Amino acid sequence: MKPFLKQVAEHYYDIGDIDKTCLIFPNRRSMVFFGKWLAETVKNDERTTPLQAPVTITMNDFFYRVGKRGPADRISLLLELYDCYKSLNRNAEPLDEFIFWGDVILGDFDDTDKYLAEPDKLFTNVADFKDLQDTYSYLTEEQLNAILKFVDHFRKGGKLTVDLDSEKPNVKERFLKIWNLMYPLYVNFRKALTDKGMAYEGMVYRDFAERLKTESAADILKEAFPHAEKFVFVGLNALNECEKTAMRKMRDAGIAEFCWDFSSSMLKDPENRASMFMSRNVLDFPQAFSLDTGEDSCVGNTPKIHLISIPSSVGQTKQIPSILQEIAARKTAGDMSGVGRLDSQGADTAIVLPDENLLIPVLNTIPEEIGSVNVTMGYPMSGSEIYGLMNNISALQLHLRKRKDGWAFYHKQVWAIFNSGIFSALADDATREKVAAVKSEAKFYIPETDLKGTWLLDLIFTPVLENIKEAAPEQIVRFCEYQLTVLNKIGAKLADMSGMALEVNFAKQYYLAVNRLKSIPLSILPVTYMRLLQQLIGGVSVPFKGEPLKGLQIMGPLETRALDFTNLIILSCNEGVFPRRSVSSSFIPPEIRKGFGLPTYENQDAVWAYYFFRMIQRSENVWLIYDSRTEGLKSGEESRYIKQLIYQYKYKDMDRKVIRYSIGAENATVPIHKTEEDIRIIKSLTYSVSSINEYLSCPAKFYYDRVKGLKKEEDVAESLDNSMLGNVFHDTMWALYLGGAALSPDFSMERDSVEKALTQKKLVPLEVITAEYIDGLLEESGVIRAKIRALIKAQLKADEVTGRNLVMENVLETYVRKTLAEDRRLMREKGVDRFRILGLEMKKYWSFGDFRFVGYIDRVDSFSEDVARIVDYKTGKAEENEVKITEPEKTVEALFSPDTKFSKRPKIAFQLFAYDRFMEKDLKGYRVQNVIYPVQKLFSSGIMSGMSNAEFNDLVEEKLGGIFAELVSPEMDFRRAEDLETCKYCDFRKICGR
């Protein structure tokens, strides 16, 4: 089949005088392809007469040339609109909050002008509407009823039902306040732009349409296009009223012709929304010549459609290499190898991406053998590395902290910058060493001096915003200059690196936006400036570069207009993506839009339908791929266009492929064998209760963690998690029972001193804890809190306790006081006024055959001469039956069985066994009692205690022997957990396959 643009090129070349013709296209891409077909047509003609190329132009540029001006940039328009808005609304929101609504208003004003709506009628005060009905006589009954439906939302019995002077307006009242500003805002905004020689797109369109009321179309166009005698509109679809007005005037003047791409039976079907605009267009503006006749006709064409469903968004892109291989094989079917060459792709194959987020994954899946790839669509700034880096750099300045020894940066932004792909690419060895040092210390606030010494660190980690609460223009200018310096130096470095061209372009766009804001005196807070900048550049896209007439074409649906491809691969053919879900971003309600002929969601649906059915009408092979997942907001529903093909058009030439897979399932079945080196490491390890529990729960996790030593990079904690809370509680009890020596005023409670004391932990505890000592601690409110606060700061490596940590500080003080009170209660119960401390935070070892165990015992004490207590504090969950073991065999079975769920495994019982073995020699002559202080339960049930159980301990030792024999056996693989609950929060689940 002959492509649409080739037919147009041949027709106007054959009739002659093409050099006196101006052809108007929907986009630049169609202009380029038209030029290709025209050049081929000329080349194939035996005539040797020189040909001057015709004028080709897009519809937008056509209006700009006639109007002698183009639209102003978005930033200038938004700032001008905000100034006008502030002059009309004394309660105007801040500029950064206005940006979103400013874009909406600009869109509404653009539609108002392009569709030639009368703004004074469109934005009429609702209160006055019914009194002005006579002035709307030009509206149809349907349009008038649609408007009345909207007005009735605010009226009852002929009266307005909202109070526009209310101090606390409801949604309707707030909407009406803005609605009643729309007309004066429209008038003032247009006047302000005119006075400054600026315009938005719709304004340019309307001005030309208004000129045509009093001036000749031929005369206006003669001035703009002096060598053009005929104007041909090619491949257009949905026309606005300004475009229709221009085309109508030009048609009546006999200087316009029209070429509509409207051939296939599906496109002409009145039941198909794709025909909504074209059926009117061909009546108002008749086709210049008959298209798709004879052998080249696409009227009866039915491309082969391959429907593929796959339960993954990115997984769709993984189908592309095999499809391209199939296409190449067909193109070189005569090849002796039977396999086509991937580098033989011409410009006859296109990948269409309704979801632009798949662009990078698609590019990553294109086989290297394909030499030429042309990307028509742009990539959004918000998805770029430079955008993420600059956002983090901005946040870095907002969280600056002034300390006694200088400036410090908040760890969260510092680490985010370290993890940036651009920072990693630019970092030299010296920078990487500095980064490793900073990460190893894991400070909450990182001193500026720790982040100096290389060009990259010096560039980024420079304090700029010294007062974030000051709304001074000079501070904003200073910050802009800092951003521009960073962008300039980073951009220059990236320009010298391969594969960074796109990021360099993003850096340029970011630079232009910052430079534009710098030129405007902004008396706003730094945080407002940051949000404003993000709003302004978040929607920017940067185009890729490529050869438009060679190689594989990658584009969005809009770029396919008027183009034809033999092979089409369309991804994301899901309902809500293609077509896009209709979301109204407009202040003008649907009823009003319909009443005044402005575009509604119905128009949008028709436009998308035309894109699809026009796109496939001349193709030979079409692959429609969609994501079949049904999780979250994803319905997994195929596009309505697929359903139309199947059910409405009973499409026969279609095959369906359903791909089902579970991500990671393949890895999950691969056994983890032991090597000789693994066994050597296993024999050399020092074991703990937690490491054996880890092996019992999941041998694979034990392998990754203990044998291979893989560790997740620790984040700096902003607030205490459960583990940290337990650490602070344990350290507080240690410090209190050490007496005055630990964390005393001599240490001045400074974080460095506390960390040093915690690291040493070699201080000798008080030999005796008296009732008087405990009573004194409970009575002096400041002592306990001071120790807890010092320990929280040490745990978080922070200089102060704020926010949620203050709440945790109160919780910890309650826990500590209750624990002390419990010890005091026991003293009263046993009729003693003191008890002995035999050890605190004791590091103990125990040998089991050739294997060595290590552990820490929170506390060993004695309330009587013959009984020693091994005390363990539990800030988490604890069960009585793990302490008082009445059925040793059942407890051991539950502990060592691989079928036991992770949450049900009696881990505390195993811990108490280990404590008994650790203290076996030290406590000879004592009866040993195991005691758990379940801190959360002390308020209801008290402590849990049980005497050492010899039978249980012997059974555990027997089982342990089997575990160690299994560990060193080369025949025993590292199994994955039976209980999937174990995998839920595991750090290794991705590499494991779970």
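All of the numbers you see were taken from the coordinates with simple rules; none came from a lab. Keep in mind that what you see is a predicted model, and the values were worked out from it rather than measured. Note: ideal-geometry Cβ built from the backbone for every residue, glycine included; neighbour counts use all protein chains shown.
Provide Rg and Dmax in Å for the chain, with only Cα atoms included in the calculation.
Just the Cα atoms of the chain yield Rg and Dmax of 37.9, 122 Å.
Can you give the calculated 222 nm mean residue ellipticity of the chain, where each DSSP H run of n ≥ 4 adds -39,500 (n - 2.57) and the sum is split over every residue, rounded to the nearest 500 deg cm²/dmol?
Values: 39 runs with 448 residues, N = 994.
Helix contribution divided over all residues of the chain: -14000 deg cm²/dmol.
Take every DSSP beta bridge with both residues inside region 870-961 and express the antiparallel ones as a percent of the total, to the nearest 5. Walk me through the numbers before you get to the answer.
Details: 4 of 9 bridges.
Close to 45 percent.
Would you mind calculating the gained length between Arg516 and Arg804 on full extension (0.36 nm times residue separation, minus the Cα-Cα distance), in nm to one decimal? If you can, show how the numbers build up before the last one.
Numbers: separation 288, 0.36 × 288 = 103.68 nm, distance 4.02 nm.
Full extension from Arg516 to Arg804 adds 99.7 nm.
What's the extension gain from Lys921 to Asn693 if we count 0.36 nm per residue and subtract their Cα-Cα distance? Walk me through the numbers on the way to the answer.
Working: separation 228, 0.36 × 228 = 82.08 nm, distance 2.47 nm.
So the extension gain works out to 79.6 nm.
Taking a ≥ b ≥ c as the square roots of the Cα gyration tensor eigenvalues, with a/c under 1.5 meaning rounded and otherwise prolate when a/b beats b/c, else oblate, which class fits region 860-928? Please report the intermediate quantities before stating the final value.
On the way: a/c = 2.51, a/b = 1.93, b/c = 1.30.
Cα axes put region 860-928 in the prolate bin.
What angle, in degrees between 0 and 90 and rounded to the nearest 10, separates the Cα long axis of helix 804-830 from the longest principal axis of the Cα atoms of the chain?
Between helix and principal axis, roughly 20 degrees.
From the Cα gyration tensor of region 870-909, with a ≥ b ≥ c the square roots of its eigenvalues, which class applies: rounded if a/c is under 1.5, or else prolate if a/b is larger than b/c, or else oblate?
On the way: a/c = 2.54, a/b = 1.39, b/c = 1.83.
Oblate is the answer for region 870-909, as a/c is 1.5 or above yet b/c matches or exceeds a/b.
My understanding is that a pair violates if its Cα-Cα distance is over 19 Å; which of Lys2/Lys304; Lys818/Lys907; Lys797/Lys907 do that in this structure?
Details: Lys2/Lys304 17 Å; Lys818/Lys907 25 Å; Lys797/Lys907 31 Å.
Lys818/Lys907; Lys797/Lys907, as the Cα separations exceed 19 Å there.
Quick check: from the Cα gyration tensor, does region 382-543 come out rounded (a/c under 1.5), prolate or oblate?
oblate
Which order do Glu920, Glu841, Glu474, Glu257 fall in if you start with the one that has the fewest other Cβ atoms within 10 Å?
Working: Glu920 14, Glu841 18, Glu474 9, Glu257 21.
Going from least to most buried by this count: Glu474, Glu920, Glu841, Glu257.
Using DSSP, restrict attention to beta bridges with both residues in the chain and report what percent are antiparallel, rounded to the nearest 5. Intermediate results must be reported in sequence, preceding the final value.
Details: 35 of 85 bridges.
Beta bridges within the chain, antiparallel portion: roughly 40 percent.
What order do you get for Val816, Val282 when you list them from fewest to most C-beta neighbours inside 10 Å?
Working: Val816 22, Val282 15.
Fewest-to-most ranking of Val816, Val282: Val282, Val816.
Ranking Tyr703, Tyr13 by Cβ neighbours within 10 Å, fewest first, what do you get? All intermediate terms of the calculation are to be shown ahead of the outcome.
On the way: Tyr703 24, Tyr13 17.
Going from sparsest to densest Cβ surroundings: Tyr13, Tyr703.
Using only the alpha-carbon atoms, how far is helix 429-441 inclined from the longest principal axis of the chain? Give it as 0 to 90 degrees, nearest 10.
The angle comes out at about 50 degrees.
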